[in-house]
1. Residues with beta-carbon under 11 Å from that of A:Tyr77, excluding A:Tyr77: net charge, scoring Lys, Arg +1 and Asp, Glu -1?
2. Grab the alpha carbons of segment B:89-195, take their convex hull, and tell me the volume per residue in Å³.
3. Give me the count of lysine pairs in chain B whose alpha carbons sit under 27 angstrom apart, restricted to pairs 8 or more positions apart or on different chains.
4. Please report the orientation-averaged projected area of segment A:126-254, defined via the convex hull of its C-alpha atoms, in nm².
5. In Å and from the alpha-carbon atoms only, list the Rg and Dmax of segment A:140-206.
6. Classify segment A:55-128 from the C-alpha gyration tensor, please: rounded if a/c falls under 1.5, else prolate or oblate depending on whether a/b exceeds b/c.
7. Given bins 10 angstrom wide, list per bin the percent of all Cα-Cα distances in segment A:204-253, short to long.
8. Per residue of the protein assembly as shown, what 222 nm ellipticity follows from adding -39500 (n - 2.57) for every DSSP H run with n ≥ 4, rounded to the nearest 500?
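Bear in mind that the values in this text are calculations on the coordinates, not laboratory data. Worth saying up front: this structure is predicted, and the values here are computed from it rather than measured. Quick reminder, even Gly has a Cβ in these numbers, built from the backbone with ideal geometry, and neighbours come from all protein chains shown.
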Amino acid sequence: MDKIKRGQHKESFLNGILKENPLLVQILGLCPALAVTKSLETAFGMGLLFTFVLVSSNVIVSLLRKLIPEEIKTPCYIVVIATFVTIVKMFAEAFLPELYSSLGVFLSLLVVNCIVLGRSEAFAGQNGVFDSFLDGCGNGIGYTWAISLMGIIREVLGLGTLTIGKVFNFFGDPLVLPILKSTTLDSNGNPLYDFSISIFQNPAGAFIVLGLMLATMAAITNHKKAVEKAKEKAAKEAAKAELAAKAALAGGAK
Amino acid sequence: MEMIVSFILAIVSYMLIDNVVLSRFYGICSFIGVGNKVKSAFSMGLAVTFVIMMATLVCYPLYFYVLVPAGIPFLDTLVYILVIASLVQIVGLFIKKTSPSLYKTLGIYLPLITTNCAVLGVVQTNSDSQLDFLTSLANGLGTSIGFLVVIVLFACMRERMNGYNIPKAMKGVPIALIVAALMAMAFMGFGGMVG
Amino acid sequence: MDQRTAFIIAIITIVALLIVFVVSFVIYMRTPAPKGCEKLKIGPKNCEDCDVEGCMIYKERHKEQKEE
């Protein structure tokens with residue numbers, strides 16, 4: 001009993017990226033979004049691992065959806081998710097030790113992430129494997145870009161520099177981009193210019209950045225809605241005017 | 001005597017300096033989701049306190065006396081989530097059977113406790129940083145009291161914000177996050193209180 | 001106690017926990033709610049004090065209010 005018909009695969013992929021973005025529109029998964037966005041790379045790494053957990057748990061849940069009795073489906077989902085989180089933890093500990101230590105306990109907390117559990121309940125438990133896979137990818141990418149953006153904002157404003165290649169250190173030395181803070185030092189040992197605001201590295205800064213991002217998203221949505229409404233209204237009025245004109249013409253002809 | 005002092009200091013530091021919500025970011029979902037009723041915030045906080053303490057008590061021996069000797073400490077997350085989820089179900093069952101009035105205020109928040117990161121966060125930190133039993137207890141107690149205090153304060157503030165004229169886009173979660181940011185700044189003042 | 005016994009004990013504990021969880025979950029779901037709370041579910045009428053705009057219930061509630 002698949003709810004999605006053919007030709008709607010694209011929609012189940014694209015929905016999660018912008019229209020129903022898990023962080024910015026559905027406002028889920030706030031804890032990791034606030035905690036791991038001190039820098040772009042940890043945020044991006046978290047997004048990648050999150051996407052892997054989401055996609056694999058979605059696929060397994062939708063494969064098992066006819067086997068799991070309705071009554072105990074939530075416990076089953078929890079066990080499936082916990083298994084994949086354990087796998088991801090071991091993978092990160094072995095191959096990305098820097099990322100593992102900077103994410104800390106938040107990697108384990110993926111088990112109780114509202115998005116993963118919510119997608120299993122709301123989508124993968126009722127839809128086919130391919131759609132669930134696409135849904136997982138879409139939501140994962142949506143979440144990843146949202147927290148990466150947050151990571152960029154917090155790192156640039158808070159530290160003044162943007163570091164690339166420190167956590168994913170496969171390419172030699174990390175690249176440090178001086179944006180608000182110079183990397184060259186003057187004769188006193190101070191940076192040439194420094195406009196960074198360190199509060200953005202603190203928890204308070206995380207709350208502010210996320211709050212403003214959500215507000216921006218809400219403002220865009222509201223604006224779109226208002227434009228659509230105005231268009232509809234204009235179309236209705238035009239139709240009315242046309243009708244009136246026709247009636248007037250008909251009246252005149254009489 | 002020294003032990004008691006360090007125990008109390010650990011509680012205070014987990015409660016105020018490393019506050020669960022405002023600096024460790026556990027349990028934001030319930031923090032934002034519980035809305036602006038002080039009474040329900042209080043009962044939610046109490047329920048979370050109870051579950052955190054029980055989970056700490058159960059998970060500590062499970063990790064150090066069952067998983068570690070068996071050589072499978074990596075299965076800790078799976079075990080913890082099973083313990084926490086069963087605890088929440090048992091507590092819920094108890095409330096359902098015995099106290100309708102408590103069920104009325106708490107009933108709809110019960111599923112939120114399982115997915116509250118604070119519970120799993122505390123238990124996981126205890127085993128990740130290999131804390132001893134007393135510090136684990138202090139962590140649990142401090143975290144849950146900190147959660148209770150912050151969630152009640154936050155509900156009070158949001159109750160007062162009810163009639164204010166907030167820009168349309170800021171309504172709801174965004175303004176709540178900004179309020180939380182101000183609270184976090186206030187709590188930063190506790191930093192350095194315990195050496 | 002050698003590691004093998006410990007391992008078996010651990011596996012038994014995990015399975016036991018799993019069973020406890022599933023059984024308590026099923027019993028909780030099957031227990032009828034106490035009198036006066038039968039309709040207590042997360043629904044439009046119980047979420048009036050909440051203003052999480054991303055929540056589905058919030059959207060539905062406001063739809064209803066607009067229609068009224």
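1. Around A:Tyr77, the charge tally is +2.
2. Roughly 163 Å³ of hull volume per residue.
3. The result is 10.
4. 17.6
5. According to the Cα coordinates of segment A:140-206, Rg and Dmax are 13.8, 47 Å.
6. Verdict is prolate for segment A:55-128.
7. 23, 23, 18, 14, 11, 7, 3, 0
8. That calculation yields -21000 deg cm²/dmol at 222 nm.
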